[in-house]
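Laboratory data are not the source of any read-out in this text; all were calculated from the coordinates shown. None of the values given here were measured: they were computed from a predicted structure. For neighbour counting, all protein chains shown are included, and Cβ atoms are generated from backbone atoms with ideal geometry for every residue, glycine included.
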Amino acid sequence: MSAYRLLIWALLPAAATALAVAQTGEDPYRQAMAQCEEAKQKGDFPAMAAAIRQALKQMPQGDFRAKVGRIFKPPAGEVYARVESPRGELGCYLLSDGSDTPARFHWRAPSFANLQALPTMARGGLVADMVAVLGSIDIVLGDVDR
């Protein structure tokens with residue numbers, strides 16, 4: 001389940017059932033049709049505006065941003081943090097020696113890992129099917145090219 005859907009489930013359980021689309025079948029055409037149906041359901045702008053208003057009413061008051069100075073010096077050491085993004089796991093690796101410039105900083109984009117499934121998905125198919133198979137993976141080529 002994507003982070004967007006989890007947010008909808010957490011804030012608006014009634015609205016989440018309206019956005020859910022059942023995907024039947026595993027071929028790229030059915031996946032594309034399910035994505036189009038989700039886009040149509042999400043395009044109900046008056047309902048979306050009401051859902052946003054309801055979520056804003058439930059949001060606690062006060063500051064929601066951390067107060068960080070212009071120069072941030074992380075403590076010496078290494079850390080890997082990850083979060084679930086709509087396309088998969090997004091990771092961030094930071095290696096610091098205690099100065100204001102990290103020794104190593106790397107983003108792990110989910111699209112590169114998702115692209116590894118392409119040979120398995122394309123096996124036995126036609127060359128003409130490659131566009132649909134690649135589209136069903138829903139990658140961002142800028143993430144792959146890092």
Which of Arg70, Arg30, Arg108 comes first, and how do the rest follow, when ranked by fewest Cβ neighbours within 10 Å?
-> Arg70, Arg30, Arg108
When the Karplus curve 6.51 cos²θ - 1.76 cosθ + 1.60 is applied with θ = phi - 60°, which whole-Hz ³J(HN,Hα) does each residue of the range 55-72 get, with x for Gly and Pro?
-> 5, 5, 5, 7, 6, x, 7, x, 5, 10, 10, 6, 8, 10, x, 5, 10, 10
Partner lysines whose C-alpha sits under 27 Å from that of Lys40, ignoring same-chain residues fewer than 8 away, are Lys57
Using a cut-off of 18 Å between alpha-carbon atoms, which aspartates and glutamates can reach Lys73, once sequence neighbours fewer than 8 places away in the same chain are excluded?
-> Asp97, Asp100
